[in-house]
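The values are calculated or read from the model by the stated rules, or taken from the named source; none is laboratory data. Keep in mind the model is a prediction, meaning the values are calculated, not measured. FYI the Cβ positions are ideal-geometry reconstructions off the backbone, even for glycines, and counts take in every protein chain you see. With ligands, DNA and RNA removed, areas are computed over all heavy atoms of the protein, side chains included. Shrake-Rupley method; radii C 1.70, N 1.55, O 1.52, S 1.80 Å.
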Amino acid sequence: MKDTLFAERLLAWYDREKRQLPWRKNKDPYRIWVSEIMLQQTRVETVIPYFERFMARFPTLESLAAAPEEEVLTYWQGLGYYSRARNLQRGVREVVATYNGKVPTESPEIKGLSGIGDYTAGAILSMAYGQASPAIDGNVLRIFSRLYCLDGDIGSTKTKREVASLVSELISKERPGDFNQALMDLGAGVCVPQKPRCTNCPVTRDCLAWQRNETERFPIKRPKKQPRPVEVAVAVIKDNDRFLLEKRPDKGLLAGMWQFPAVEQQTDQPLPAALAEKLAAAGVIVQIGAVLSGLTHTFSHIRWMMTVYSCQLLTESSEEEEPLKWVAASEMSQITWAGPHAKIAKLLMKD
Ligand code: SF4
């Protein structure tokens, strides 16, 4: 149905309308890499200031590779999904160690780096190295499901494969990086999720959904599974001017981040008792007191229903035991918090 005119129409529009974004200033693969990782699940407007601060502090692959992880996470704080930052640094260290500091130009090698999947590989290879490599994200899936009236679920592997093959056919061989970025801009500003702005679209004549007046029927989505609710009890333990904190395990949700000591509901045991028991096992005896606050935080797969208790410290073992640590109130703002625990800290600092 479509031919090279599709790419021409799209690129002519991109040349007129493209967004001025800080990572588009040059074709440095490292800059593109950082920006694409930050942009995962995050809006462009949110990313821009983070990207600029991050690049000012870590302007080169080498500077990021050499930085302590805690510092990298501090620069990521607020963007969420911290595993992205960890994997980015891991990947950058692999490039320094294995490829002499040069981001690989071959698809299997670049996809072998930590944190780089098909989309990021496609974005880097096309934008930095001019290779005709598709970069398929949610925007591109949505656009193509409308262009071709694809009836498959947009989240399915089958639909993703179908779209990848269509993009591979249509991608401009002369300007593949601009082609991919044009699709990103089209998805962000014109072919938006709700009520696509078809009157501003450069490719209406290529769009089957538009011709059939069915643009709002696509993409087809299966209903998402609701996040599973999990009760969490949190202990705020203050001793003079310091608070007891706990480091989360190195793997899994919010790995390695700091929180107030907490337990998740796993058995029928009442949560306050489970919390006191967990602390006692680490040599910290507390009396669980009044409820300070209740809050809810939703991740993609679970929802924490948190109850925060004020606890009185009765005794503690003389040695601090991992993963617990006393932190002075004045240092709380420098902690790399596990998501919602930052809100609790803020609440306490207000008092
Ligand atoms: Fe999207 Fe409308 Fe353009 Fe089709 S015509 S690609 S639905 S904006």
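Largest GNM mean-square fluctuation among Thr307, Thr336, Thr298, using the chain with Cα springs under 10 Å: Thr298. Rounded to the nearest 20, the Cβ-based charge dipole of the chain about its Cα centre (Lys and Arg +1, Asp and Glu -1) stands at 1380 debye.
The angle between the Cα long axis of helix 271-281 and the longest principal axis of the Cα atoms of the chain comes to about 70 degrees, rounded to the nearest 10.
Specify the inter-centroid distance of segment 194-230 and segment 105-138, based on alpha-carbon positions, in whole Å. That distance is 26 Å.
Enter the accessible area per residue of segment 1-83 (Å², integer; probe 1.4 Å; all protein chains in place).
Numbers: 4270 Å² over 83 residues.
With the other protein chains kept in place, segment 1-83 gives 51 Å² per residue.
In the chain, the longest principal axis of the Cα atoms and the axis of helix 29-39 are about 70 degrees apart.
Report the Rg/Rh value for segment 213-351, based on alpha-carbon coordinates and the Kirkwood definition of Rh. Intermediate values should be presented prior to the final figure.
Numbers: Rg = 17.9 Å, Rh = 16.4 Å.
So for segment 213-351, dividing Rg by the Kirkwood Rh gives 1.09.
Compute the whole-percent fraction of alpha carbon pairs in segment 253-300 spaced more than 14 Å apart. It would help to have the intermediate numbers written out before the result.
Values: 715 of 1128 pairs.
Across segment 253-300, Cα pairs with separations above 14 Å total 63 percent.
For the chain, the antiparallel share of DSSP beta bridges with both residues in that region comes to about 70%. For the chain, what is the Kirkwood estimate of the hydrodynamic radius, computed as the reciprocal of the mean inverse distance between distinct Cα atoms, to one decimal in Å? Across the chain, the inverse of the average 1/r is 23.0 Å.
Carbon and sulfur: what percent of segment 6-149's accessible surface (1.4 Å probe)? Let's see the in-between values first.
Values: 3050 of 6220 Å².
On segment 6-149, the fraction of accessible area on carbon and sulfur atoms equals 49 percent.
May I ask you to rank Val96, Val47 by accessible area, largest first, using a 1.4 Å probe over the protein chains only?
On the way: Val96 55, Val47 0 Å².
Greatest to least solvent exposure: Val96, Val47.
Determine the alpha carbon to alpha carbon distance for each of Lys111/Lys343; Lys195/Lys343; Lys195/Lys224; Lys102/Lys160 and list only those over 27 Å.
Long pairs (Cα-Cα over 27 Å): Lys111/Lys343; Lys195/Lys343; Lys102/Lys160.
Helices in the chain, meaning DSSP H runs of at least 4 residues, each add -39500 (n - 2.57). Divided by all residues, the mean residue ellipticity at 222 nm is -12500 deg cm²/dmol.
Rounded to the nearest whole Hz, the Karplus-based 3J(HN,Hα) values (6.51 cos²θ - 1.76 cosθ + 1.60, θ = phi - 60°) of segment 114-125 follow the sequence 4, x, 10, x, 4, 5, 5, 4, x, 5, 5, 4, with x at glycine and proline. Taking the Cα centre of segment 1-159 as the origin, how large is its charge dipole in debye, to the nearest 20, when only Lys and Arg (+1) and Asp and Glu (-1) carry charge on their Cβ atoms? In debye, rounded to 20, segment 1-159 gives about 300.
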